[in-house]
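Undergrad: Quick one: structure below, then a few questions.
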Amino acid sequence: FNMIYMGTSVTYGRGTAVIVETGMRTQLGNIANLIQSVESEKTPLQRRMDELGIVLIRVAIAVMLVALVVGLLVGDAFEEVLLNAVAIAVAVVPEGLPAVVTIALALGAQRMLKRNALIRKLPAVETLGSVTTICSDKTGTLTENRMTVTTIDVAGDISRIEDVVKIGYNALLSTNGKLTNTPKAAQAILLAGDTLCNDTILEQTADNYSTFRLLGDPTETALVDAAAKYGLVKPRLETFMPRVGEVPFDSDRKRMTTVHQMSDTVTPTEAEQYLIDLLGLTPTQSVSFTKGAVDGLLNISTQVWHDGQVKPIDPNWRERILSANNELAQQGLRVLGLAYRHLDPQTPISEATVENGLIFVGMVGIIDPPRAEVKEAVRVCKGAGIRPVMITGDHPLTAFAIARELGIAKDGDRVLTGQDLAKMSEAELEDVVEKVALYARVSPEHKLNIVHALQKRGHIVAMTGDGVNDAPALKRSNIGVAMGITGTAVSKEASDMVILDDNFTTIVAAVEEGRTIYDNVRRFIKYLLASNTGELIVLLTTQLIVGMSLPLTTLQILWMNLITDGVPALALGVEKSEPGGMKRPPYAPNESLFGRGLGRHIGIVGIILGVTGVALGYWAFSSNLLAVNGAPAWNTMVFMFLTLAQMGHALGLRSHTESLFKVGLRGNPLLIGAVIVTVLLQLLAVYTPFFNNIFNTAPLTGEQLLICFVLSTVVFIGVEAEKLLIRRGVLK
């Protein structure tokens, strides 16, 4: 028996339904249970930020204890030692990091929206850049979500309608009953019969069909569309050859029949007259068209149309037709055959009287064609080390034909069906999940199992879906991607991202943007932590030098972190993609935040910044340099140097590997503006009496300021030297 699940859309037909379950015992209730049982995982960025938080807490506590011990050993007062220790701990923590990360993700989400990707959960912005596998539905995402006639086979003579995909519903705009693209005789009968033996409704809103819509089963609308390409327009055909009887479709016969009679009051169009001549119809005759499964039609056909002649069907013809049917089916096409016969208008219409002694005309191959742009998107995916996987409820042959055409699968690849998955244990699925690129006839539980198996193998999984039954897998995946056009409210609620155009290409574009955002996150983490490390070295080391006090007050540290960790760090978060971003594999999901040289960079730049700052402070202190107002200048010079040096560091980080002189300055005007504003604010803090009192600074002489500017370039030179060694392969 057949089951209709709650939430199913009925497009045509008649039937009686009996309710057998309610509430959580229904299939929809089962899906709700699956959604509730699924736990969301932390994103890679959330895990890495947790790691960073733990490291920062430990370092802050450690350096505060060291500062306390050192201060007490050198004999300073306890209150002063405690204040210094707190100041040093403040220098460790990048106060602006949470805000900068959040703003960078929000800006990334805004850029993705311009590419038709709506981000529902902010952490998903970065996670996209870590995706290793994209599990995509077929219909509407990889394909056009519109059934289209692509092949016409008349008695083994195959013709492909290559341009029917391009013409589509626009075919009706210019036909006006004229015979266009004159078809072969059998093709004309085939297309006209498929159009008349058809329950599609064409609603017109203008006499010339300039605006219209087709309502009905997608397969039947495809037949109407294909016939219109040749000038055989359904409303005109029905006016000239109205339906006078029918034998409705049923699943046992797998066919339907309609009976038509010529009208003696309507003048035929050019295309209709061509059809009448082919059929040899007279006003005293009726004609029946039978559409359905090819093998079933052959059982009730006694003749075949070939080269304008009607010939008996012998075993050779039968084998020839069945062979062509199998060939089209193996290409993933849905195949429908058509046969017809002349009838006496007085013949009673029934299955027994109409569906026998038919003339078999030919068959059509119909498929939901792949989107033209998706093949290139799949190629980009594979070039980026991301494996696309098709998961669909369609027939394996149909799914494989699309997957092969798009480059997702190739001949010889293994295909798993829902039946195969039902027999597999979790361990067995984990063993093969990385080798299978196509799953067909799957259920919601199967999708959930596939995602879980991929995640257990260490993959970051993006899963697409549009139906209620997709919701559990969408929630379980690292990135749930719902369809914006065809997606249900449930699927959108369970997702992290909604693609507004239902296009696979948009997912790939979002992945590219995600990689850029993660690179930018690493960029400003490099900037913030390396800068703070340099400040920490300065603060700890100066405590050990006899006679020197802490060069920076707590307020100065907070000010410096405010102006250097804010806008400049944020400006680094809007850098554009570096060349080759989609030509490398995704980074390992379990990669440490400090991996791939980030920890090394923090150490190198922190040491350069710290050592230079200490040397400058010691030289100015021992030389007893005085500011314009006669106050000691050494601590203000250190304050100025640390700020200026961080601006050079920010400029050097415009690229992780390329020299700033090659990248240029014009690509990120926000960063240039941030550097200028930061320098002006720092000059304001040093040269205005109001801020001198607040920050305990002294106005420097021109020579002292020049020394700070010159020394600040040391950090920029160090960053460029590191990148040079990376380009030459000395460092990774």
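Undergrad: Which residue pairs have Cβ atoms under 6 Å apart, sit 6 or more places apart or on different chains, and have a first residue in region 132-151 that is touching a residue at least 24 places away in the same chain (Cβ under 8 Å) and under 23 Å from M363 (Cβ atoms) and a second that is open to solvent by 30 Å² or more (accessible area, probe 1.4 Å) and outside any loop (DSSP other than H, G, I, E, B)?
TA: Once the first residue is touching a residue at least 24 places away in the same chain (Cβ under 8 Å) and under 23 Å from M363 (Cβ atoms) and sits in region 132-151, its partners that are open to solvent by 30 Å² or more (accessible area, probe 1.4 Å) and outside any loop (DSSP other than H, G, I, E, B) give M147/P218; T148/V165; T151/R160.
Undergrad: Test V100 against the stated conditions and say whether it is closer than 22 Å to V538 by Cβ, crowded, with 16+ Cβ neighbours inside 10 Å, at pLDDT 75 or above and within 44 Å of the chain's Cα centre (by Cα). Walk me through how you get there before you give the answer.
TA: Details: closer than 22 Å to V538 by Cβ: no; crowded, with 16+ Cβ neighbours inside 10 Å: yes; at pLDDT 75 or above: yes; within 44 Å of the chain's Cα centre (by Cα): yes.
The answer is no for V100.
Undergrad: I need the full set of residues from region 57-69 which are surrounded by 17 or more Cβ atoms within 10 Å (Cβ to Cβ) and in contact (Cβ under 8 Å) with a residue 24 or more places away in the chain, in order please.
TA: If the condition is that a residue be surrounded by 17 or more Cβ atoms within 10 Å (Cβ to Cβ) and in contact (Cβ under 8 Å) with a residue 24 or more places away in the chain, then V59, A60, V63, M64, A67 are the ones that fit.
Undergrad: Please count how many residues of region 241-252 are modelled with pLDDT under 85 and surrounded by 17 or more Cβ atoms within 10 Å (Cβ to Cβ).
TA: Residues flagged as modelled with pLDDT under 85 and surrounded by 17 or more Cβ atoms within 10 Å (Cβ to Cβ) within region 241-252 amount to 0.
Undergrad: Just checking, does region 673-693 include any residue being free of Cβ contacts under 8 Å to residues at least 12 places away in the same chain, of a type in the set (F, W, Y) and assigned to a helix (DSSP H, G or I)?
TA: Yes, region 673-693 contains at least one residue that is free of Cβ contacts under 8 Å to residues at least 12 places away in the same chain, of a type in the set (F, W, Y) and assigned to a helix (DSSP H, G or I).
Undergrad: Please specify each residue of region 616-666 satisfying the condition of being over 28 Å from L598 (Cα atoms) and not in a helix (DSSP H, G or I).
TA: Answer for region 616-666, where residues must be over 28 Å from L598 (Cα atoms) and not in a helix (DSSP H, G or I): S623, N624, L625, L626, A627, V628, N629, G630, A631, P632, A633.
Undergrad: Another question, if that's okay. Considering only region 594-615, state which residues are open to solvent by 30 Å² or more (accessible area, probe 1.4 Å) and not in a helix (DSSP H, G or I).
TA: The answer is F594, R596.
Undergrad: Sticking with this one: Considering only region 539-593, how many residues are among the hydrophobic types (A, V, I, L, M, F, W, C), part of a loop (DSSP other than H, G, I, E, B) and over 30 Å from G458 (Cα atoms)? So that I can check it myself, show each step before the final result.
TA: Pass one, region 539-593, residues among the hydrophobic types (A, V, I, L, M, F, W, C): 539-540, 544-546, 548, 550, 552, 555, 557-560, 562-563, 567, 569-572, 574, 582, 588, 593.
Now narrow it down to the ones that are part of a loop (DSSP other than H, G, I, E, B): 545-546, 548, 550, 552, 574, 582, 588, 593.
Cutting the leftovers down to over 30 Å from G458 (Cα atoms) gives us 545-546, 548, 550, 552.
Qualifying residue count, region 539-593: 5.
Undergrad: Please indicate, with yes or no, whether at least one residue in region 512-528 is of a type in the set (A, V, I, L, M, F, W, C), open to solvent by 10 Å² or more (accessible area, probe 1.4 Å) and not in a strand (DSSP E or B).
TA: No.
Undergrad: Would you tally the residues in region 285-309 being open to solvent by 60 Å² or more (accessible area, probe 1.4 Å) and either of a type in the set (D, E) or in contact (Cβ under 8 Å) with a residue 24 or more places away in the chain (or both)?
TA: Step one: filter region 285-309 for residues open to solvent by 60 Å² or more (accessible area, probe 1.4 Å), giving 295, 299, 302-303, 307, 309.
Those left that are additionally either of a type in the set (D, E) or in contact (Cβ under 8 Å) with a residue 24 or more places away in the chain (or both): 295, 302-303, 307.
Qualifying residue count for the region: 4.
Undergrad: Further, regarding this structure: Looking at V442, V508 in this structure, which one is of a type outside the set (S, T, N, Q) and open to solvent by 20 Å² or more (accessible area, probe 1.4 Å)?
TA: The conditions single out V442.
Undergrad: Condition test on R371, is it basic (K, R), modelled with pLDDT of 90 or more, surrounded by 14 or more Cβ atoms within 10 Å (Cβ to Cβ) and in contact with a Ser or Thr (Cβ under 9 Å, 6 or more places away or on another chain)? Outline the logic, then answer.
TA: Numbers: basic (K, R): yes; modelled with pLDDT of 90 or more: no; surrounded by 14 or more Cβ atoms within 10 Å (Cβ to Cβ): yes; in contact with a Ser or Thr (Cβ under 9 Å, 6 or more places away or on another chain): yes.
So R371 does not fit the description; no.
Undergrad: So, one more: Restricting to region 489-511, name every residue that is part of a loop (DSSP other than H, G, I, E, B) and closer than 22 Å to V389 by Cβ.
TA: Of everything in region 489-511, those that are part of a loop (DSSP other than H, G, I, E, B) and closer than 22 Å to V389 by Cβ turn out to be S495, D496, D501, D502, N503.
Undergrad: Same structure again: Of all residues in region 534-544, how many are open to solvent by less than 40 Å² (accessible area, probe 1.4 Å) and more than 10 Å from V614 (Cα to Cα)? If you could, list the steps in order and put the result at the bottom.
TA: Taking region 534-544 first, the residues open to solvent by less than 40 Å² (accessible area, probe 1.4 Å) are 534-536, 538-539, 542-543.
Subset that is more than 10 Å from V614 (Cα to Cα): 536, 543.
Adding up the residues that qualify gives 2.
Undergrad: Is it the case, given these coordinates, that I359 is in contact with a Phe, Trp or Tyr (Cβ under 6 Å, 6 or more places away or on another chain) and open to solvent by 10 Å² or more (accessible area, probe 1.4 Å)? Give the steps one after another, and end with the answer.
TA: Values: in contact with a Phe, Trp or Tyr (Cβ under 6 Å, 6 or more places away or on another chain): yes; open to solvent by 10 Å² or more (accessible area, probe 1.4 Å): yes.
Yes.
Undergrad: To continue, here is another question. Going through E21, E95, E79 one at a time, which residue ends up being modelled with pLDDT of 70 or more, in a helix (DSSP H, G or I) and over 28 Å from the mean Cα position of the chain (by Cα)? Spell out the reasoning first.
TA: Working: E21 fails: in a helix (DSSP H, G or I); E95 fails: in a helix (DSSP H, G or I).
After ruling out the rest, the residue left standing is E79.
Undergrad: Here is a further query. Where residues in region 648-682 are surrounded by fewer than 17 Cβ atoms within 10 Å (Cβ to Cβ) and polar (S, T, N, Q), which of them is farthest from N520 (Cα to Cα)?
TA: Among those that are surrounded by fewer than 17 Cβ atoms within 10 Å (Cβ to Cβ) and polar (S, T, N, Q), it is S659.
Undergrad: Return the pairs, sorted by first residue and then second, in which the second residue is among the hydroxyl-bearing types (S, T, Y) and open to solvent by less than 10 Å² (accessible area, probe 1.4 Å), the first residue lies in region 524-548 and is over 21 Å from G718 (Cα atoms), the beta carbons are less than 7 Å apart, and the residues are 6+ apart or on different chains.
TA: The qualifying pairs are M548/T542.
Undergrad: From (1) open to solvent by 10 Å² or more (accessible area, probe 1.4 Å); (2) at pLDDT 85 or above, pick out the condition that doesn't hold for P568.
TA: P568 satisfies every listed condition except (1).
Undergrad: Same structure again: Evaluate the following for R341: is it open to solvent by 20 Å² or more (accessible area, probe 1.4 Å), in a strand (DSSP E or B) and at pLDDT 90 or above? Please lay out each step first, then the result.
TA: Details: open to solvent by 20 Å² or more (accessible area, probe 1.4 Å): yes; in a strand (DSSP E or B): yes; at pLDDT 90 or above: yes.
Here the answer is yes, as R341 does meet what is asked.
Undergrad: Shifting gears a bit: Here are some residues: T257, T269. Which one is among the hydroxyl-bearing types (S, T, Y), closer than 17 Å to H342 by Cβ and surrounded by 15 or more Cβ atoms within 10 Å (Cβ to Cβ)?
TA: Exactly one residue qualifies, and that residue is T257.
Undergrad: Right, here's the next one. Tell me which of these A117 doesn't satisfy, since it passes every other one: (1) more than 21 Å from V389 (Cα to Cα); (2) in contact with a Ser or Thr (Cβ under 6 Å, 6 or more places away or on another chain); (3) open to solvent by less than 10 Å² (accessible area, probe 1.4 Å); (4) of a type in the set (A, V, I, L, M, F, W, C).
TA: Result: A117 fails condition (1) only.
Undergrad: Return the residue satisfying two criteria in turn: it lies in region 24-48 and is at pLDDT below 75 and among the hydroxyl-bearing types (S, T, Y), and of such residues it is surrounded by the most Cβ atoms within 10 Å (Cβ to Cβ).
TA: T43
Undergrad: Is it true that I450 is crowded, with 24+ Cβ neighbours inside 10 Å and either modelled with pLDDT of 90 or more or more than 22 Å from N590 (Cα to Cα) (or both)?
TA: When the stated conditions are applied, I450 passes them.
Undergrad: Just checking, which of A633, A685, A645 is surrounded by 20 or more Cβ atoms within 10 Å (Cβ to Cβ) and over 28 Å from L570 (Cβ atoms)?
TA: A633
Undergrad: Here is a further query. From the list A192, A222, A226, A186, pick out the single residue that is buried (at least 17 other Cβ atoms within 10 Å of the Cβ), modelled with pLDDT under 75 and not in a loop (DSSP other than H, G, I, E, B). Even if it seems obvious, please write down each step before you answer.
TA: On the way: A192 fails: modelled with pLDDT under 75; A222 fails: modelled with pLDDT under 75; A226 fails: modelled with pLDDT under 75.
Result of the check over A192, A222, A226, A186: A186.
Undergrad: Can you tell me how many residues in region 384-413 are within 19 Å of V461 (Cβ to Cβ) and surrounded by fewer than 16 Cβ atoms within 10 Å (Cβ to Cβ)?
TA: The total comes to 1.
Undergrad: In region 432-456, which residue that is touching a strand residue (DSSP E or B) at 6+ places or on another chain (Cβ under 9 Å) and charged (D, E, K, R) is nearest to G480 (Cα to Cα)?
TA: K447
Undergrad: Do you know which residues across region 312-370 are hydrophobic (A, V, I, L, M, F, W, C), more than 18 Å from H260 (Cα to Cα) and free of Cβ contacts under 8 Å to residues at least 40 places away in the same chain? Can you show your working first?
TA: Narrowing region 312-370 to residues hydrophobic (A, V, I, L, M, F, W, C): 313, 317, 321-322, 324, 328-329, 333, 335-336, 338-339, 343, 349, 352, 354, 358-361, 363-364, 366-367.
With the extra rule that they be more than 18 Å from H260 (Cα to Cα), the set shrinks to 313, 317, 321-322, 324, 328-329, 333, 335-336, 363-364, 366-367.
Selection gives L322 alone.
The values are calculated or read from the model by the stated rules, or taken from the named source; none is laboratory data. These numbers come from a predicted model, not from an experiment. We place every Cβ from the backbone using ideal geometry, glycine too, and count neighbours over all the protein chains shown. SASA here: full protein model, heavy atoms, side chains in, ligands and nucleic acids out. Shrake-Rupley method; radii C 1.70, N 1.55, O 1.52, S 1.80 Å.
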